[in-house]
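*Asks:* Attaching a single structure in structure tokens format; questions to follow.
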Amino acid sequence: MWDVYAATGLTIRLPGELLAGLKEIVGESKVVKGDSVAAEPYCKDWTGQFTGTPIAVVRPESTAQVSAIVKLCQEHGTPMVPTGGRTGLCGGGVPTGSGCSIVVSLERMNAVCTVDVGARSITLGAGVILQTAQEQAREQGLAFPLTFGAQGSAMIGGVLSTNAGGSNVVKYGTTRELCIGIEAVLPDGSILNGLTGLRKDNTGYDLKDLLIGAEGTLGIITAAVFKLSPLPRVRTTGFMSLASLADAPAVLNALQDRTGGAVEAYEYMSAAAVEVICREFPETHLPLDAPAETGVFFEVASSRQDDAEAGEDGETRLQHLVFEVLETLMEAGTVLDAMIAQSEQQRIDLWSMRESILEAITANGPAYHMDIALPLASVAEFVTTMDSAVTDMGFVPLTVGHLGDGNLHYALSAAEGKEWTDLPLTRAKEQAFALLMRLNGSFSAEHGIGQSKLDVMRNLKQASQLNAMRKIKQALDPGGLMNPGKFIPKEAS
Ligand SMILES: Cc1cc2nc3c(=O)[nH]c(=O)nc-3n(C[C@H](O)[C@H](O)[C@H](O)COP(=O)(O)OP(=O)(O)OC[C@H]3O[C@@H](n4cnc5c(N)ncnc54)[C@H](O)[C@@H]3O)c2cc1C
């Protein structure tokens, strides 16, 4: 039995049996047709660049329901697009324009949010919002340290599937390093139950690690267990102007050495990026009197009681340690100027400035975003060489980055008076990626591949690695129904 289904600009034939089957699994109200108003939010992502209309959106609330959905879709040969908060920046969580897939939204799988204080772990359903997980841990005196601008919307399944990073990776690692157990539905509908919370498990291939960062192409993650950390008792947050980006690794190491590895965030903010933030968000407080050509926003945090104790001058030991480092580096001429937040409000202002960059660049006009990783020692070479090259081409580079782990968000925007469409973007990209490869960098540090980086993946990923990935995909998802058109580029014909 077939229904005729009209979506924007296309008409496809929809198996009525499939819709009826989905409704039987999750209930009538939890399935909406792809061309309905209720489905609209699922047809585009945060960037607004990626849109597509599915046959239907289905919202399961249990792992058993997800498994039944996957089995049903397999029977019908229907592609599935798992989706969370759709804050991913590469078009992974929305259907491609083909109009023949089902969107499986995990948003209702948010009931499980349990802290095990003794084991210092948290078990989370795939639909739990990242910020909720952070708050839940904090209430128990522990920290779920993953932090980034979209934490109010991103969901655990999406965060795992993109192996999200963010500002605290320098201390705690990426999502992969925090995850100690996973539950998922594989493409054949079987349930992989690995919510063990084990810190060690060498019993074969690590399927958990295979699913993390797979962007929904190898199965649907339904829940996971994560490590928690001691909640910091004290923080010192500030902003400094460096004489040279080449000195940034040495400055980071000096801070780490003096504070016992307590640096939680070490973020590069170029003067041009800060200027755009101030223009788009005029309420932004400039941290230093003069614009910093090489600005670094940093946060040092400690859970040690003695670091939190204040001396006679009212300053904590941690603050003293940071002051000492800054003083030495200023005497050496490595740090030109610096400020330390004197209140929680000043700290929040610094974080707001850092986190508003993506929105500021988006509001500023067209831009091409690169999310790249480099060996720390090569960051300065990349930035200096490319800044000069792209400026000559008529671009303004708006660069911020998680400098502590060598991750740059290198965005190209049009210089004043230049038309975006007239600029040689292809040439700039080719030059940037060639330099990146020469410096042993990565063309996708933390945002993933999705739809937007398929070409780059095809051109730059080692052939042997791509082949191995295709074999894994073929073995687990022979019908290619899990999030097709994303992540793994088709072989050139
Ligand atoms: C303002 C802003 C700042 C950001 N900053 C950072 C940052 O600093 N660091 C960083 O790493 N990222 C950052 N991101 C992007 C980040 O990748 C996403 O915010 C997040 O990780 C994705 O979660 P989501 O729930 O929105 O997933 P979605 O966008 O819905 O999906 C992302 C991918 O995961 C898949 N997926 C979703 N749920 C599941 C599931 N349950 N099982 C299997 N596959 C699934 C989707 O199919 C898609 O391929 C930022 C985004 C924004 C908008």
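The values are calculated or read from the model by the stated rules, or taken from the named source; none is laboratory data. Fair warning: this is a prediction, and the values are worked out from it, not measured in the lab. Please note: Cβ atoms are built from the backbone with ideal geometry, for glycine as well, and neighbour counts cover all protein chains shown. Quick note on the areas: whole protein, heavy atoms, side chains included, nothing else; ligands and nucleic acids left out. Shrake-Rupley method; radii C 1.70, N 1.55, O 1.52, S 1.80 Å.
*Asks:* Counting only residues that are within 24 Å of Gly406 (Cα to Cα) and more than 7 Å from the ligand (Cβ to nearest atom), how many does segment 144-159 have?
*Replies:* First, the residues of segment 144-159 that are within 24 Å of Gly406 (Cα to Cα): 144-151, 154, 158-159.
Then keep just the ones that are more than 7 Å from the ligand (Cβ to nearest atom); that gives 144-147, 151.
Of the residues in that region, 5 qualify.
*Asks:* Quick test of your reading of the structure: Thr47 fulfils all but one of (1) at pLDDT below 95; (2) away from the ligand (no atom under 12 Å from the Cβ); (3) over 25 Å from Ala184 (Cβ atoms). Name the failing condition by number.
*Replies:* Against the list (1) at pLDDT below 95; (2) away from the ligand (no atom under 12 Å from the Cβ); (3) over 25 Å from Ala184 (Cβ atoms), Thr47 comes up short only on (2).
*Asks:* Taking Leu130, is it within 11 Å of the ligand (Cβ to nearest atom), free of Cβ contacts under 8 Å to residues at least 40 places away in the same chain and closer than 21 Å to Thr222 by Cβ?
*Replies:* Numbers: within 11 Å of the ligand (Cβ to nearest atom): yes; free of Cβ contacts under 8 Å to residues at least 40 places away in the same chain: yes; closer than 21 Å to Thr222 by Cβ: yes.
It is true that Leu130 is within 11 Å of the ligand (Cβ to nearest atom), free of Cβ contacts under 8 Å to residues at least 40 places away in the same chain and closer than 21 Å to Thr222 by Cβ.
Conditions tested, residue by residue: (1) open to solvent by 20 Å² or more (accessible area, probe 1.4 Å); (2) modelled with pLDDT of 95 or more; (3) farther than 27 Å from Asp247 by Cα.
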| position | (1), (2), (3) |
| --- | --- |
| Gly394 | no, yes, yes |
| Leu398 | no, yes, no |
| Lys418 | yes, yes, yes |
| Ile449 | no, yes, yes |
| Gln474 | yes, yes, yes |
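*Asks:* Would it be correct to say that Pro82 is surrounded by 24 or more Cβ atoms within 10 Å (Cβ to Cβ), closer than 30 Å to Ala445 by Cα and more than 24 Å from the chain's Cα centre (by Cα)?
*Replies:* Numbers: surrounded by 24 or more Cβ atoms within 10 Å (Cβ to Cβ): yes; closer than 30 Å to Ala445 by Cα: yes; more than 24 Å from the chain's Cα centre (by Cα): no.
So Pro82 fails the test.
*Asks:* Could you tell me which of the residues Thr174, Thr222, Thr162, Thr203 is surrounded by fewer than 24 Cβ atoms within 10 Å (Cβ to Cβ) and touching a Gly at 6+ places or on another chain (Cβ under 9 Å)?
*Replies:* Numbers: Thr222 fails: surrounded by fewer than 24 Cβ atoms within 10 Å (Cβ to Cβ); Thr162 fails: surrounded by fewer than 24 Cβ atoms within 10 Å (Cβ to Cβ); Thr203 fails: touching a Gly at 6+ places or on another chain (Cβ under 9 Å).
Step by step, each of Thr174, Thr222, Thr162, Thr203 is checked, and only Thr174 is surrounded by fewer than 24 Cβ atoms within 10 Å (Cβ to Cβ) and touching a Gly at 6+ places or on another chain (Cβ under 9 Å).
*Asks:* In segment 368-377, which residues are surrounded by 19 or more Cβ atoms within 10 Å (Cβ to Cβ) and either part of a helix (DSSP H, G or I) or of a type in the set (Gly, Ala, Ser) (or both)?
*Replies:* Ala373 - this is the single residue of segment 368-377 that is surrounded by 19 or more Cβ atoms within 10 Å (Cβ to Cβ) and either part of a helix (DSSP H, G or I) or of a type in the set (Gly, Ala, Ser) (or both).
*Asks:* Are any residues in segment 52-108 acidic (Asp, Glu) and in a loop (DSSP other than H, G, I, E, B), and if so, which ones?
*Replies:* Within segment 52-108, the first condition is being acidic (Asp, Glu), and the residues that meet it are 61, 75, 107.
Hits for segment 52-108 are Glu61, Glu107.
*Asks:* Within the set of pairs 6 or more residues apart or between chains, which connect a residue that is closer than 22 Å to Thr96 by Cα inside segment 450-474 to a residue that is basic (Lys, Arg) with Cβ atoms less than 9 Å apart?
*Replies:* Sorted first by the residue in segment 450-474, then by its partner, the pairs are Gly450/Lys486; Gln451/Lys486; Leu454/Lys486; Leu454/Lys490; Val456/Lys429; Arg458/Lys490; Leu466/Arg458; Met469/Lys461.
*Asks:* If you check Ala360 against the conditions, is it part of a helix (DSSP H, G or I), within 29 Å of Ala150 (Cα to Cα) and more than 13 Å from the ligand (Cβ to nearest atom)? Explain how you work it out, then say what you get.
*Replies:* Working: part of a helix (DSSP H, G or I): yes; within 29 Å of Ala150 (Cα to Cα): yes; more than 13 Å from the ligand (Cβ to nearest atom): no.
When the stated conditions are applied, Ala360 does not pass them.
*Asks:* For segment 84-104, state whether one or more residues are farther than 22 Å from Gly194 by Cα, near the ligand (Cβ under 8 Å from one of its atoms), modelled with pLDDT of 95 or more and of a type in the set (D, E, K, R).
*Replies:* Yes, because at least one residue in segment 84-104 is farther than 22 Å from Gly194 by Cα, near the ligand (Cβ under 8 Å from one of its atoms), modelled with pLDDT of 95 or more and of a type in the set (D, E, K, R).
*Asks:* Mind checking whether some residue in segment 55-77 is touching a Cys at 6+ places or on another chain (Cβ under 9 Å), buried (at least 19 other Cβ atoms within 10 Å of the Cβ) and either of a type outside the set (Val, Ile, Thr) or under 23 Å from Pro366 (Cα atoms) (or both)?
*Replies:* no
*Asks:* Scan segment 429-446 and tell me whether some residue there is modelled with pLDDT of 95 or more, surrounded by 17 or more Cβ atoms within 10 Å (Cβ to Cβ), in contact with a Lys or Arg (Cβ under 8 Å, 6 or more places away or on another chain) and among the small types (Gly, Ala, Ser).
*Replies:* Taking every residue of segment 429-446 in turn, at least one turns out to be modelled with pLDDT of 95 or more, surrounded by 17 or more Cβ atoms within 10 Å (Cβ to Cβ), in contact with a Lys or Arg (Cβ under 8 Å, 6 or more places away or on another chain) and among the small types (Gly, Ala, Ser).
*Asks:* Within the set of pairs 6 or more residues apart or between chains, which connect a residue that is over 20 Å from Thr174 (Cα atoms) and within 7 Å of the ligand (Cβ to nearest atom) inside segment 212-223 to a residue that is of a type in the set (D, E, K, R) and outside any loop (DSSP other than H, G, I, E, B) with Cβ atoms less than 8 Å apart?
*Replies:* none
*Asks:* Pick out the one residue from Val390, Val396 that is in a helix (DSSP H, G or I), in contact with a helix residue (DSSP H, G or I) (Cβ under 6 Å, 6 or more places away or on another chain) and not polar (S, T, N, Q). First the steps, then the outcome.
*Replies:* Numbers: Val396 fails: in a helix (DSSP H, G or I).
Testing whether each residue is in a helix (DSSP H, G or I), in contact with a helix residue (DSSP H, G or I) (Cβ under 6 Å, 6 or more places away or on another chain) and not polar (S, T, N, Q) leaves just Val390.
*Asks:* Same structure again: Just to be sure I understand the filter: pairs with C-beta atoms under 6 Å, separated by 6 or more residues or on different chains, first member in segment 38-62 and acidic (Asp, Glu), second member buried (at least 19 other Cβ atoms within 10 Å of the Cβ). Which pairs pass?
*Replies:* Between residues of segment 38-62 that are acidic (Asp, Glu) and residues that are buried (at least 19 other Cβ atoms within 10 Å of the Cβ), the close pairs are Asp45/Arg86; Asp45/Gly93; Asp45/Val94.
Okay, residues lined up against (1) within 24 Å of the chain's Cα centre (by Cα); (2) modelled with pLDDT under 95; (3) within 14 Å of Leu403 (Cβ to Cβ):
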residue	(1), (2), (3)
Gly238	yes, no, no
Val263	yes, no, yes
Ala308	no, no, no
Glu324	no, no, no
